[in-house]
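Please read the structure below before turning to the comments.
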Amino acid sequence: MVLPGHLAGGYLGAVALLAITHAGVASGLSHEQINVLLVLGTLAGELPDLDLLRLHYEETHGGRKVESHRNYFTHAPSFWLLVSLVVVGFGYIFSSAFTELIGGLILTGSWSHLIFDSIEDGVMWLWPFNTKRFDIVNKTYQGVDGGPHSMRYYWNFIIREYSKLWTCYAEIFVMVVAIWALTR
């Protein structure tokens, strides 16, 4: 999945968590706090892809080709579970429901990302015990024109490869649902 779908998944996770926990103005949160939580939840949907910065650095400055950024620990569910538990713990220690919700949003956003990546790209669900990536549909890319990290490369990837994958249609569906949820 690409950026728009992960952000939409993070937003839907945030909306769901806030609804389940009844976090709203009636619970003592201000409208500004709720909006901050929605933005943080949306951005949390992209957290696992922060490893793209490391991949880019390793390929451009380290002189080595990395097979996939999904092999880094930031694409492991247990990592994000640990991060969210630490944030929730701080919220609990300091009696801050707002901070506890941020921890929950880190979990829902990052795991929505990992669930979508599990469709065709694979995720290390058993890390740190096993680094095997699990996916639902095993796919291979045919290759596209243009150098890595160029606009031509990404455009060709989306048109020639991504538009033919199940993930693309899941992403479109998630974005439509997120827009519907945002506008209602």
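Output the number of the condition that L29 fails; it satisfies all remaining conditions of (1) in contact with a Leu (Cβ under 9 Å, 6 or more places away or on another chain); (2) at pLDDT 95 or above; (3) surrounded by fewer than 21 Cβ atoms within 10 Å (Cβ to Cβ); (4) of a type outside the set (K, R). In the conditions (1) in contact with a Leu (Cβ under 9 Å, 6 or more places away or on another chain); (2) at pLDDT 95 or above; (3) surrounded by fewer than 21 Cβ atoms within 10 Å (Cβ to Cβ); (4) of a type outside the set (K, R), L29 misses (2) alone.
Residue-wise test of (1) assigned to a helix (DSSP H, G or I); (2) of a type in the set (A, V, I, L, M); (3) within 10 Å of the chain's Cα centre (by Cα).
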{"residue": "G5", "(1), (2), (3)": "yes, no, yes"}
{"residue": "G9", "(1), (2), (3)": "yes, no, yes"}
{"residue": "A14", "(1), (2), (3)": "yes, yes, no"}
{"residue": "L40", "(1), (2), (3)": "yes, yes, no"}
{"residue": "L52", "(1), (2), (3)": "yes, yes, no"}
{"residue": "L55", "(1), (2), (3)": "yes, yes, no"}
{"residue": "E58", "(1), (2), (3)": "yes, no, no"}
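Taking the criterion of being part of a helix (DSSP H, G or I), farther than 24 Å from A14 by Cβ and of a type in the set (A, V, I, L, M, F, W, C), the residues of the stretch 153-184 that qualify are W155, F157, I158, I159, W166. Taken across the stretch 136-151, residues that are farther than 17 Å from G13 by Cα, surrounded by fewer than 14 Cβ atoms within 10 Å (Cβ to Cβ) and modelled with pLDDT of 75 or more do occur, with at least one present.
The values are calculated or read from the model by the stated rules, or taken from the named source; none is laboratory data. Values in this document were obtained by computation on a predicted structure and should not be read as measured data. Virtual Cβ from ideal backbone geometry, glycine too; neighbours counted across all protein chains shown.
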